[in-house]
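Only one structure is covered here, and it is reproduced in the block below.
The values are calculated or read from the model by the stated rules, or taken from the named source; none is laboratory data. This one's a predicted model, so the numbers in the text were calculated from it and none came from an experiment. FYI the Cβ positions are ideal-geometry reconstructions off the backbone, even for glycines, and counts take in every protein chain you see. Remember, those area values only see protein heavy atoms, side chains included, never the ligands or the DNA or RNA. Shrake-Rupley method; radii C 1.70, N 1.55, O 1.52, S 1.80 Å.
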Amino acid sequence: MSPVPGRRSILLATAAVTAAATAPATAATADATDRGPHRPRGPVVVGHRGAAGWRPEHTAAAYTFGVRCGADWIEPDLVPTKDHVLIVRHENEISGTTDVAGHPEFAGRRTTKTVDGKAVTGWFTEDFTLAELRTLRAVERLPLIRNRNTVFDGRQQIMTFQEVIDLARALSKEYGRRIAVFPETKHPTYFRSIGLPLEPELVRVIRRNRLTPRECVVQSFEPSSLHRIAGARLGLPLWQALGTGGGPYGHGITYKEMMTPAGLREIASYADWIGPDKSSLVPPLTLLADAHAAGLKVGAYTFRAENQYLPAQYRRGTAPNDFGDAFAEYAFHFARGVDAVVTDFPDIAAAAREDLWA
C-alpha cells in the first residue's frame, strides 16, 4: 500500500496561511453560526461515500472510518429498491459494488436498461426488494486502483438511508460533534419515469427523523429534484452539483451555462451551495468568486490522493496509483477560499485543514 504523504513544508504551509488571510470572508472563514451543519473552523470536510479511499464505498465501515478520520459530513448516494426503500449505492447498477454476479439465484435479473439516455447492462436495485439486496455484500468498486480495499470485500451489507442517519447520530454522540448526512438523489428523472420517485420518500425519511439544517444537506445534479425538495419546505440547505460537460439530464441547459453569473444567480434562488468539479475552480476561471458574489457557498469534488487524480504539478513519481502531494492541492484550494471539499480521503483533508489554521 502506498504511504500517505507527509505534511506540507514550512514554506508552503506558511504561504497557504498567508493567502488564506486575504480570502473572501464568505468562504473558509465562515463560522459555526452559518446556516448548515456545525463544523470546526475552516472548510467542511465531506467524506465522499464515507472514506472511499480506505474502505469499500457506501458501507458502515467506510462511513465510520471517515468520521474517525475527521469528516464533518458523510455522503450517501440514494437509489430505490423494488419496494421503494432508499438505499445507498453509487449507481442503481450494482455489479461493480456488490457480489451480485456470484449469486446464481439472481443470474436471470441481469439485463440492459437505458438510464439517462445511456445503455447500461447489469443488475439494478429497482429489480430487487430490500430483503433480496440484504443477501448481497459490498465490494471495492476500483479494485485495480485500490487493491488494499479488497481485503474488506464481502464483509458489509448494503445500507438503507435510514441506517446511515442512525449511524451519523451514533457517531455524533460518540465523537461529541455534529455529523451531518449529505444525501444525493441519483438519476431522479429516470426513477420518476419508472414509478419510483426519490423525492417523496426522501422527504418522508427526513421528516420522520426531524433532520435539521445542522444534520442534513441535500444535493443533486438535477435542478428539478432540488426544486421538489425545496417545495416540501423542509428548511434544509440544498446543494446544486455541477458536472464538467453536458448538462443535467432532461433539463435543456448546460453546466457551462449554469456556471455563468446569470446561471449562478438562478441557482441561488433555490440552493445554498454549488458543487463543481475541482478543476472548474482553477484560475483563470472565476467560478469561485462568481459563486460567492451570488451568495452561494462552494464545495469542490472529488479530492483523491492517487497520482492519476491529481493535477500534474502535485504528482510524485510515475506510478498512477501511488500517492502524490495531496496536501499541496488542498492548500491551494483552501487558500483560495473554497467552503468545502468532497474527498475520498477525509483524513488527509482534515490534516490539511489543521495545517491551514495552525
Quick one: how many residues across the stretch 145-179 are under 27 Å from Y309 (Cβ atoms), in contact (Cβ under 8 Å) with a residue 60 or more places away in the chain and part of a loop (DSSP other than H, G, I, E, B)? 8
Filter the stretch 143-181 for residues that are of a type in the set (D, E, K, R) and over 20 Å from the mean Cα position of the chain (by Cα); the one that is surrounded by the fewest Cβ atoms within 10 Å (Cβ to Cβ) is K173
Restricting the stretch 244-262 to residues that are touching a helix residue (DSSP H, G or I) at 6+ places or on another chain (Cβ under 7 Å) and surrounded by 16 or more Cβ atoms within 10 Å (Cβ to Cβ), which is nearest to K278 (Cα to Cα)? M259
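Condition test on V205, is it in a helix (DSSP H, G or I) and closer than 25 Å to S95 by Cβ?
Details: in a helix (DSSP H, G or I): yes; closer than 25 Å to S95 by Cβ: no.
Answer is no for this residue.
Could you list all residues from the stretch 284-315 that are part of a loop (DSSP other than H, G, I, E, B), within 25 Å of E57 (Cβ to Cβ) and open to solvent by 20 Å² or more (accessible area, probe 1.4 Å)?
Within the stretch 284-315, the first condition is being part of a loop (DSSP other than H, G, I, E, B), and the residues that meet it are 284-286, 294-296, 304-305, 310-311, 315.
This time we only want the ones that are within 25 Å of E57 (Cβ to Cβ), so: 304-305, 310-311, 315.
R304, P311, R315 - these are the residues of the stretch 284-315 that are part of a loop (DSSP other than H, G, I, E, B), within 25 Å of E57 (Cβ to Cβ) and open to solvent by 20 Å² or more (accessible area, probe 1.4 Å).
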Those residues that are assigned to a helix (DSSP H, G or I) and surrounded by fewer than 12 Cβ atoms within 10 Å (Cβ to Cβ), I need them from the stretch 94-133; list them, please. P104, E105, A107, G108, A131
Top-ranked residue of the stretch 44-74 - restricted to ones that are in contact with a strand residue (DSSP E or B) (Cβ under 6 Å, 6 or more places away or on another chain) and more than 16 Å from A350 (Cα to Cα), ranked as surrounded by the most Cβ atoms within 10 Å (Cβ to Cβ): P56
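Out of R68, R55, I need the residue that is charged (D, E, K, R), on the phi < 0 side of the Ramachandran plot, modelled with pLDDT of 95 or more and in a helix (DSSP H, G or I). Which one? Reasoning before the result, please.
On the way: R55 fails: in a helix (DSSP H, G or I).
Just one listed residue meets the conditions, R68.
Let me confirm something: among E184, E215, E222, E140, which residue is within 25 Å of R55 (Cβ to Cβ), buried (at least 21 other Cβ atoms within 10 Å of the Cβ) and touching a helix residue (DSSP H, G or I) at 6+ places or on another chain (Cβ under 6 Å)? Don't jump to the end; show me each part of the working.
Working: E184 fails: touching a helix residue (DSSP H, G or I) at 6+ places or on another chain (Cβ under 6 Å); E215 fails: touching a helix residue (DSSP H, G or I) at 6+ places or on another chain (Cβ under 6 Å); E222 fails: within 25 Å of R55 (Cβ to Cβ).
When all the criteria are applied, what remains is E140.
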What pairs come up if the first residue lies in the stretch 198-210 and is over 16 Å from K186 (Cβ atoms) and at pLDDT 95 or above, the second is of a type outside the set (A, V, I, L, M) and in a helix (DSSP H, G or I), and their beta carbons are under 8 Å apart, counting only those six or more places apart or on different chains? N209/Q162
